[in-house]
Each structure stands twice: as C-alpha cells, then as structure tokens.
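**Q** Sharing a structure here in structure tokens format.
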Number of protein chains: 2
Amino acid sequence: MIQLYWKNATAEVVGSEHGISQGDLTAISDRLSAAVDAVRSQAEAGQLGYTKLPARTDYRDRALQLTEKYRPGCTDLLVLGIGGSALGNIALQAALNPATYNLQSDRARGGPRLFVLDNVDPALIKDTLDLLGRRLKTTVLNVISKSGETAETASQFMIVRELLRKRLGDDFARHIVATTDANKGTLHDIAAQDGYDTMVVPDDVGGRFSVLSPVGLFSAAMCGIDIKALLDGAREMADACKGPWSANPAGMLAAINYIAMTAKGKPMHVMMPYSNRLYLLADWYRQLWAESLGKAHNKAGAEVFVGPTPIKALGTTDQHSQVQLYREGPNDKLTIFLEVEKHPKDLRVPDVFGEIPGLTYLRKARISKLLNAEKLATEYAMAQSKRPTVTIRFPEINAANVGAFIYLYEYTTSLMGELLDIDPYDQPAVELGKRATFALMGREGYADVARQIKPFTKIDRNYLI
Amino acid sequence: MIQLYWKNATAEVVGSEHGISQGDLTAISDRLSAAVDAVRSQAEAGQLGYTKLPARTDYRDRALQLTEKYRPGCTDLLVLGIGGSALGNIALQAALNPATYNLQSDRARGGPRLFVLDNVDPALIKDTLDLLGRRLKTTVLNVISKSGETAETASQFMIVRELLRKRLGDDFARHIVATTDANKGTLHDIAAQDGYDTMVVPDDVGGRFSVLSPVGLFSAAMCGIDIKALLDGAREMADACKGPWSANPAGMLAAINYIAMTAKGKPMHVMMPYSNRLYLLADWYRQLWAESLGKAHNKAGAEVFVGPTPIKALGTTDQHSQVQLYREGPNDKLTIFLEVEKHPKDLRVPDVFGEIPGLTYLRKARISKLLNAEKLATEYAMAQSKRPTVTIRFPEINAANVGAFIYLYEYTTSLMGELLDIDPYDQPAVELGKRATFALMGREGYADVARQIKPFTKIDRNYLI
C-alpha cells in the first residue's frame, strides 16, 4: 500500500527552524491523540458519512449495475458537475487511464470517451457539444447535483437535455443518468418526471468528500476503472488509520502539516507528483484542503482566519518552473511529493550518440529511472536549502492505491479540522458569491443584493489602464 | 487592447490594511520611476533580448517559412521541450484553439494535432508514441533545447529520433525541425550532422521569456495561430509600457504586486482566468513569476530570500474549490482575474423548465453572461471580505491580445526585478538538482555529488509509515 516518508521534513535533515523535531511532536502529542479520538468517535457514531463509503456495497453495486446497462454501445460519457461533483471524477480518470484515452479509437479504448464539463465557459461547452455532434446518439449524460440548482450544472443541463430531446426525440431520457438527492430537490423531481435512472448523492457526505460515492464511481466504472479495488484500497487505508497518531499515516500527515503551518511558518502546502497521471489528484486535494480548512471562525465562533493554501506542481516539469522559488524564495512551503515506484509503462533510451560525451550517461537508461532520479535529486536539493519535504510513495498506480490515497487525505482533513478547531465540513464563504450571481442574473428575491452589488458593475475609468 | 482594472485592489474598496492607498503609491513613486527608467535603459541598450522579439520579423518569417514547408500533409506535431520550451507553446495552443482541437478530425482541424511532451513520465511518453503509431509517417518532430543536453528533452529526443529512424529509414531527418543555438552545442551539432531544418533559440533571451521567439512561434503557426497578430499585439503593448509608471499597465501592475507583497502581507499571487482557454496562460505566468523573482540574493549578493508565490486558479470552477479559502482564510493573497468580454463562442440556455422556480432565472440566458456574472459576483464577495483583486480585461481572446498579455507580464517581471533588487534573468537554484540527477544517473564527473547524495538514496524505515 501507499506509505508516507517524512524523514526529510525533520529537524535532523533541514534544521530545527524549518524541520520537525521530536520536541515539536511531543508538544502537541496530547492534542493529536485528542483529535484522533474525536474523529474516531465521530466516525463510530456515524457522523462522518464519508468514512462509511468504502463499505457501501449498495452504492458500488448500483454504479456497476448502471454501468452494465449503459456501457454497451456508449461511445461518449458526458458528465455535468462542478467542484466535488467533478474533481474526483477527473482525478480518477487521469490517474487510472492513459493521458491519450479520449484520443484512442473506440475499439482500442473499450469504454466511452469521458468529458467532464466543470465550468460554464461558453467556448468549452460549445466546442464539446459540437465535437459530440452525431455521436450524441451514443452518448450517455450523467448529471450530478444534489439540489439540481447549482447555477453552472443546472444551466448546462438545460442546454444538453434540450439538445438530446431534439436529436433523439422521446428516447432522450434513456440517455440520462442523474446523480442527486434520494428524496427531494429540483433534479430529483425532473429525473422522476422524465424517467431517468438515478443514483444517490448521500445526505451525509459533502461534495468534496464524495468521490467514493456514486458521484465518482459511475463515470469511473463506465471508463473501465476497477471501483471494487478502489473501495478496497480505501478500506485498507481506513484500517491503517485506526492506530494512535504516531502509528498511522493520517495522524502523522496531520501532525506534519499542522506543525509546518503553525510552528514553522509554512502556510503553503505544495503537492508535487512525479507522475502526470497523479497530477490531477492534486486538484482534488486542492479543493479538499482549501474548502475544508480555510475558515474565518473556530468552533466557538471566534474569528481566526486560518487555513493552509494548497498548491499543485508537477515533477519534473516544475523543476523548470517553480523549484527556483521553492529553493531560494521565502522558506514558507511544505512540499509533498508523490512518487511512483513502478510506473504503469516504461521505455528505455536507445544506445545512440555514444560519441557525444554530454549524452553518454543517458544511453540505455529507463525513463522511469530518470524520472525517479530527478525526484530524489530535487528532494536532496530542497534539503540542502533547508526546505522540508514529505513523500507519499505509490508502489504502483492502481485503483487500490488511489483509493487509499483519497481516504488518507480525507481522514487527514478531519484531523486537521480538529487540530485547527474549525468545522471542516461547511463552506459558508461560498454563499455570498452564489447570491450575488443570482442577483446579477435577475433571479427573483435577490433585489437587495442587486442593489448592494450595483457599484461594482460599473467600471470606474480612473482605475482602468 | 487588454486593460488593467485595479480599483478593487485599493484601500477605498478593501480598506487600508489590505488595499493600496494613494500614500502607498506615493511612497514608492520614486523607486517605481527609477525601475521604469532602468528597464527602459536596459532595453534601449539592447540588454533585454525579449523586448526585441516583437520586431524580429526574421524569426517570424523563418517560422512561417518552415510552417509552409512542413504543414502540408502533417497530421501530428510532436514538440519535445520543457519549462520555457514548452509552457508558452502549450499556453498559446490552449488560448487560441478549441479545447477539442486534438479530438477533431484531420479535415475539420486543418493543421496537425499538437502534442507537447514536457515531462519524462514514461507512461505519458509511451502512451503518446503508441497513439501516434502509424501516423509517425506524417508526424513532424520539433525538438527545442538551447544546449541539447537538458536531460528530459535529450532523453526523449534520443527515443523519438531512433523510432523515426526505424520507421522512416533515411527519410527520418526530413521529419525533424530543431530549435536550438545558432552556432554551437549538442543539438546544433546533431542537427547539422543529420541535416535537420533549424530555428534559433536566441542567445540573449532566457527560456521563460522565449515564447515570442521561434521557440513558441513555430508550433503556433503550424496549428494555424496568427503569429503576426501575436507579435503585433506584443508590440502594441510594448508601446503602451513606455509611459511613466502610473500611466502604463506594466508599471501599475508591478506597483500593485510589489506593494501587495511587501506592505500588505500578500506573498501569494493568484491568477484566476474566467475562461478555460486562458487557464494555461497561468502556467506560463507561474514559471515567469517564480523563476524570475524567487531569489536568495539581491544584486549586491546579500541574502534576501524573496519572491511572491504564483498560484493558478480557474473561474468559475475554483469558486467551488478555492474561494472559501480565499475569502475566509488568511488575507495573504492578491488575486488577478482574467476576464473576457466577448467569448470566442457562446450559447444560450433554452426556455425550458418554466414551472420550476429555482431555474426560471436561467432561461434564455447567455452562458457568457452567466460566466461573467459569476466573475463579478466573486469580485464583489472578495471585496466584502477585504480581499484585494485586480482584473485584466480581454475584449476578446485573439492572438493580438494574447501577445499583449505575454509582453505585459514579461515587462512587469523586469520591473519587479528592479523593485526587489534581484536579477530576474538567472536561475541559480536549478543547478544543484541537475547535478544531483547527473550523479544519480552515473554521469561521468559527478562522483563527488554522488557521494553527498548517497544518504538520501536509502529509506530510513524509522520514518516510513
């Protein structure tokens, strides 16, 4: 299974100003134990819906059942969703299928192409729908929204449903699968009226914790990803996270992140996979970390304005972009490398250019060896500049390990919430923007917000240059 | 042309603790003027190679000439490059061609598909080469490296050249265009020996400033991008940047960024386009900003450890991911929105679901209106939380405006270098990682580094969990 390696975040390696010492850990050991106990109690009391997902065979089987029904003959799967209803889907696909997946022929691929429309960019939507064109007849639409009223997903859905209706006639509803609230809400009602197959967005699981629910499972299964192994990996990690903090990867990961941000001046947490396939897991992590931990108030309601800023980077690519800053800029980052021991594929540099001294060392080298050497070299160079790093090691990239990684970070987020004394499951700051959007779009009942926002709608030419 | 709107970064809107007041500007006005003068002098003295690029019709015409030669019959263009030899190419393609470009049929697209291999990820390389398969016969390879010894690009090149040689026989050299040093170096020599067409990586332009040189121009032209307009837009921006700091967009952008990071506690600079097409410009910006400004020493050699951290985000998508943190977390960010007035395409929500109150307001709305309303709503919500934001307005997304944007940020980077009193054109911290990679790969002459790195190569099981 995946493992955490944290020696290069220690005072022993990068010095006590920037690295974690035994004393730092001892100082918060009681709080860490309390956090571990609190989260375990919440989980055991059934309050943390996401912790139940690895064992929800009913969700899994429903996703598999619908996959069996919809996959034959399906050339394209179009997912409408945003935030937690898109980032997990995209991350699973990127991690567990080739980067060229959508470019392969229908036959080579086996499953449908996958398009996740996670923005209301008009060019993106139009280009995608134009591309589908006549293939709409063999396209399955999976619309994901708990309420059905998220502006982005709702507007896309209105467009695509109408397009399908026009192209396919009464048959259109047989191309749509809705993932939504089990009992109520706008999308639930439309699905019932039109007669779509449905899956459940669990009541007790927030969007950013929902990838292992039907939200993430259906598109993954449709694209040939082994969702049983995904859930098994998550369950295995759940077991690994049951120990005392110092003996479980989530406890240690929370300890390191928390000490880095509070005691070592590291408010920025960089996730840097040395693998293109794992790169978009960093986008999923960005939402989980930012939306869960960026909070103005603690549990008692006092203003705190806390939260580390998650940043994504890619090795080796960002060695030629960000590492200059990471090594020589302010020492304000904790970097988490993701490393793959056995890559999904490999190839060897041929034995050519033997007469060119500067290239000799590359002859016959495996590319995976070069990639992992660059990671180690960067880790070493960072340590020489007293920059702490942690590595999460993937023995290989498979569904089980990705499931384990997801669960590891979800559970770590819960622990971080306890340590920071904030609620990691709400997102109050998102509301005002939503209401302001309603006001600007003329939705009824938002006239007061519309008045407040009015000054912002006019460009003040004194500040235009 | 593109314009900067900075009212929502002012003290008037977000308060004087976080916003920029007239006093803040006055306090550094002399330094800003000195920076503007210094950079102008350097440019006039011919020391800033990138400032000459918009007028280099020779580079442009060479790229166009080779495009005319290679584009007919070319189905796929494979670019090998990393860092400054890839990020600009990728950004131009994403900005000025549809997201679905590579998925379109050869006929619909007109030009070749574009693949930029900017990493030594074995799965990425293998998957891409497998995908090309028989199309290698109609593939053009553009290898970009000044020296030819960048490990990533060199190893890829050795692989792909050999593959082409095997598949195409003696004809292989007619599929390769090398962009490299004009007179010397490993790639220059190989190109001469094998007989490739070549273009120049200018001597006086660093990688991250090279997108408007042949490095970026050839792949753009091959994919149908109007590189004349691109350069014209850059030249127009160069003219706009000639005024005193308060009357030119680069001067004002530098002033805002500098004050935000030094006087307002904002070391993180978030670039957040409300447009998928402009999203990858943020990756190009990340390199420019981080590698230029993240420096341990000032010009006099004293330790300073400065540099803002560039972060990329995407509207509206990241409203559902990062904005919770941006509004409620520590007030440590300056956000730069990119806004598009007229999107490349548009579509309208149909007049459906009239009976559902929660969706009524979306009926008949243009998607572009919704997207831009969400941007304004976020700007408003950020202001309510005293978070400063700046907007760069694109009247539309075209080559001229993208060229202007590129030049704006390059020139702003030069000004920031002056203000921070560091050299924005070097990257000393990248060297150690390169040398460590050589050592780990067994390159001759690096035995001493190999000895130093040895302890890092062994996993210490006490820190593995």
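The values are calculated or read from the model by the stated rules, or taken from the named source; none is laboratory data. Every value quoted in this text rests on a predicted model; they were computed, and no experiment measured them. When we count neighbours, we look across all protein chains shown, and the Cβ atoms used for this are built from the backbone with ideal geometry, even at glycine. Side chains are part of the model used for accessible areas, which takes the heavy atoms of the whole protein and leaves out ligands, DNA and RNA. Shrake-Rupley method; radii C 1.70, N 1.55, O 1.52, S 1.80 Å.
**Q** Among DSSP beta bridges lying fully in the protein assembly as shown, give the percent that are antiparallel, nearest 5. Don't skip to the answer; put the middle values down first.
**A** Details: 14 of 86 bridges.
In the protein assembly as shown, approximately 15 percent of DSSP beta bridges are antiparallel ones.
**Q** What is the calculated FRET efficiency for B:Ser105 to A:Thr57, with r their C-beta to C-beta distance and R₀ = 60 Å, to the nearest 0.05? Mind showing how you got there, number by number?
**A** Numbers: r = 43 Å, r/R0 = 0.71.
For B:Ser105 and A:Thr57, the calculated efficiency is 0.90.
**Q** Return the carbon/sulfur percentage of the accessible area of the range A:367-465, one whole number, probe 1.4 Å, all protein chains in place.
**A** Working: 1600 of 3520 Å².
So the carbon and sulfur contribution to the accessible surface is 45 percent.
**Q** What order do A:Lys364, A:Lys434 take when sorted by accessible area (1.4 Å probe), most exposed first?
**A** Heavy-atom accessible area, descending, gives A:Lys364, A:Lys434.
**Q** Here is a follow-up. To one decimal in nm, how far is A:Ala34 from the same spot in the other copies, if labels go 7 Å from Cα toward Cβ? Please give the shortest first.
**A** Once sorted, the set of distances for A:Ala34 reads 5.2 nm.
**Q** While we're looking at this one, here's another question. Partner chain Cβ atoms within 10 Å, averaged over the residues of B:245-257 - can you pull that number for me?
**A** Details: counts 0, 1, 1, 1, 2, 1, 1, 2, 1, 0, 0, 0, 0.
Rounded to a whole number, the mean comes out at 1.
**Q** If you don't mind, there's one more thing I want to ask. Quick one: how many Å² of A:Leu163 are accessible to a 1.4 Å probe, rounded to 10?
**A** Estimated to the nearest 10 Å², A:Leu163 gives 40 Å².
**Q** At what distance in nm do the modelled label points of B:Gln42 and A:Lys166 sit from each other, each positioned 7 Å from its Cα along Cα→Cβ?
**A** 5.4
**Q** To continue, here is another question. When the accessible area of the range B:175-256 is computed with all protein chains present and a 1.4 Å probe, what percentage of it is carbon and sulfur?
**A** Here carbon and sulfur together make up 47 percent of the probe-accessible area.
**Q** Suppose all protein chains stay in the model; what accessible area per residue would a 1.4 Å probe give for the range B:176-216, in Å²? Working shown, then result.
**A** Values: 1290 Å² over 41 residues.
Dividing the accessible area of the range B:176-216 by its residue count gives 31 Å².
**Q** From the cross-link list A:Lys266/B:Lys299; B:Lys228/B:Lys342; A:Lys126/B:Lys333; A:Lys369/B:Lys52, which pairs have alpha carbons spaced over 29 Å apart? Each step should come with its number before you reach the end.
**A** Details: A:Lys266/B:Lys299 26 Å; B:Lys228/B:Lys342 22 Å; A:Lys126/B:Lys333 33 Å; A:Lys369/B:Lys52 40 Å.
With Cα atoms farther than 29 Å apart: A:Lys126/B:Lys333; A:Lys369/B:Lys52.
**Q** Then there is this: With every protein chain in place, what's the accessible area of A:Glu236 (1.4 Å probe, Å², nearest 10)?
**A** Its heavy atoms expose roughly 100 Å² to the probe.
**Q** Compute the signed sum of charges (Lys and Arg +1, Asp and Glu -1) over the other residues within less than 10 Å, Cβ to Cβ, of A:Leu464. Display every interim value, and only then the final one.
**A** Details: positive: A:Arg461, B:Lys7, B:Arg393; negative: A:Asp460.
Result for the neighbourhood of A:Leu464: +2.
**Q** Same structure, new question: Go through A:His320, B:His297 and list them by solvent-accessible area, largest first, probe radius 1.4 Å.
**A** Numbers: A:His320 25, B:His297 85 Å².
Ranking A:His320, B:His297 by accessible area, largest first, yields B:His297, A:His320.
**Q** In peptide B:305-313, what is the residue-averaged number of other protein chain Cβ atoms found within 10 Å of each Cβ? Before the final figure, lay out the partial values.
**A** Numbers: counts 7, 4, 7, 3, 12, 4, 6, 2, 2.
Mean number of neighbouring Cβ atoms from other chains: 5.
**Q** Shortest first and in nm to one decimal, what separations exist between A:Arg174 and its copies in the other chains, measuring from label points 7 Å along the Cα-to-beta-carbon line?
**A** Those label-point separations list as 5.3 nm.
**Q** Within 10 Å of each Cβ of B:160-167, how many other protein chain Cβ atoms are there on average? Mind dumping the intermediate values first?
**A** Working: counts 0, 3, 5, 2, 0, 2, 1, 0.
Whole-number average of other-chain Cβ neighbours for B:160-167 is 2.
**Q** Of all beta bridges DSSP finds with both residues in chain A, what is the antiparallel percent, to the nearest 5? Could the numbers behind the result be given before it?
**A** Numbers: 6 of 42 bridges.
Antiparallel: roughly 15 percent of the beta bridges in chain A.
**Q** Answer rounded, prolate or oblate for the range A:75-141, using the Cα gyration tensor with square roots of eigenvalues a ≥ b ≥ c: rounded when a/c is under 1.5, else prolate when a/b is larger than b/c, else oblate. Don't skip to the answer; put the middle values down first.
**A** Values: a/c = 1.87, a/b = 1.08, b/c = 1.73.
In terms of gyration-tensor shape, oblate.
**Q** Per the helix-only calculation at 222 nm, which mean residue ellipticity applies to chain A, given -39500 (n - 2.57) for every DSSP H run of n ≥ 4 and division by its residues, nearest 500 deg cm²/dmol? Kindly include the intermediate steps, with their values, before the conclusion.
**A** Values: 21 runs with 223 residues, N = 465.
Counting only the DSSP helices, I get -14500 deg cm²/dmol.
**Q** What shape does the protein assembly as shown take by its C-alpha gyration tensor, where a ≥ b ≥ c are the square roots of the eigenvalues and a/c under 1.5 counts as rounded, a/b above b/c as prolate, and the rest as oblate?
**A** It is rounded, given that a/c, with a ≥ b ≥ c, falls under 1.5.
**Q** Indicate the gyration tensor shape class of the range A:301-421 (rounded, prolate or oblate), computed on the Cα atoms with a ≥ b ≥ c the square roots of the eigenvalues: a/c under 1.5 is rounded; otherwise a/b larger than b/c is prolate and the rest oblate. Provide the component values of the computation, followed by the final result.
**A** Details: a/c = 3.82, a/b = 1.73, b/c = 2.21.
Here the range A:301-421 falls in the oblate category.
**Q** B:Leu114's amide H: which non-local residues (gap 5+, or another chain) put their own amide H closer than 5 Å, with H modeled 1.01 Å from N in plane and none for Pro or chain starts?
**A** B:Leu77
**Q** Ok, one more. Compute, for A:Arg393, the solvent-accessible surface of its heavy atoms (probe 1.4 Å) with the complete set of protein chains present, and express it in square angstrom to the nearest 10.
**A** Rounded to the nearest 10, that gives 40 Å².
**Q** Then there's this: Roughly how many Å is it from the Cα centre of the range A:311-350 to that of the range B:332-369, as a whole number?
**A** Using only Cα atoms to place each centre, the spacing works out to 37 Å.
**Q** I've got another one for you. Chains B and A: what accessible area do they bury, summed, in square angstrom to the nearest 100, with a 1.4 Å probe?
**A** On the way: alone 22120 and 22120 Å², together 31360 Å².
Chains B and A together bury approximately 12900 Å².
**Q** How many angstrom lie between the C-alpha centres of the range B:246-301 and the range A:95-110?
**A** 38
**Q** Simple spin-label model, 7 Å along Cα-to-Cβ: B:Lys458 to A:Ser246 in nm?
**A** Taking the simple label geometry, B:Lys458 and A:Ser246 are separated by 2.4 nm.
**Q** Kindly report the accessible area of the range B:262-347 per residue (heavy atoms of protein chains, probe 1.4 Å, no ligands, DNA or RNA), in Å².
**A** On the way: 1940 Å² over 86 residues.
On a per-residue basis, the range B:262-347 sits at 23 Å².
**Q** What is the distance in Å between the Cα centroid of the range B:205-241 and that of the range A:391-406?
**A** Computed from Cα coordinates, the inter-centre distance equals 41 Å.
**Q** Per residue, how much accessible area does the range B:84-147 have with a 1.4 Å probe, in Å²? The partial results should precede the final answer.
**A** Values: 1970 Å² over 64 residues.
It amounts to 31 Å² per residue over the range B:84-147.
**Q** Under the convention of a label 7 Å out along Cα→Cβ, give the distances in nm from B:Asp226 to the same position in every other copy, shortest first.
**A** With the label placed 7 Å along Cα→Cβ, B:Asp226 yields 5.2 nm.
**Q** Taking the highest mean first, how do the peptides A:209-215, A:347-353 order by number of other beta carbon atoms within 10 angstrom per residue? Write out the running numbers ahead of the final one.
**A** Details: A:209-215: 28.1, A:347-353: 17.9.
Those peptides, ordered most packed to least, come out A:209-215, A:347-353.
**Q** Sort B:Tyr463, B:Tyr326 from largest to smallest accessible area, using a 1.4 Å probe on the heavy atoms of the protein chains.
**A** Values: B:Tyr463 40, B:Tyr326 10 Å².
Ranking B:Tyr463, B:Tyr326 by accessible area, largest first, yields B:Tyr463, B:Tyr326.
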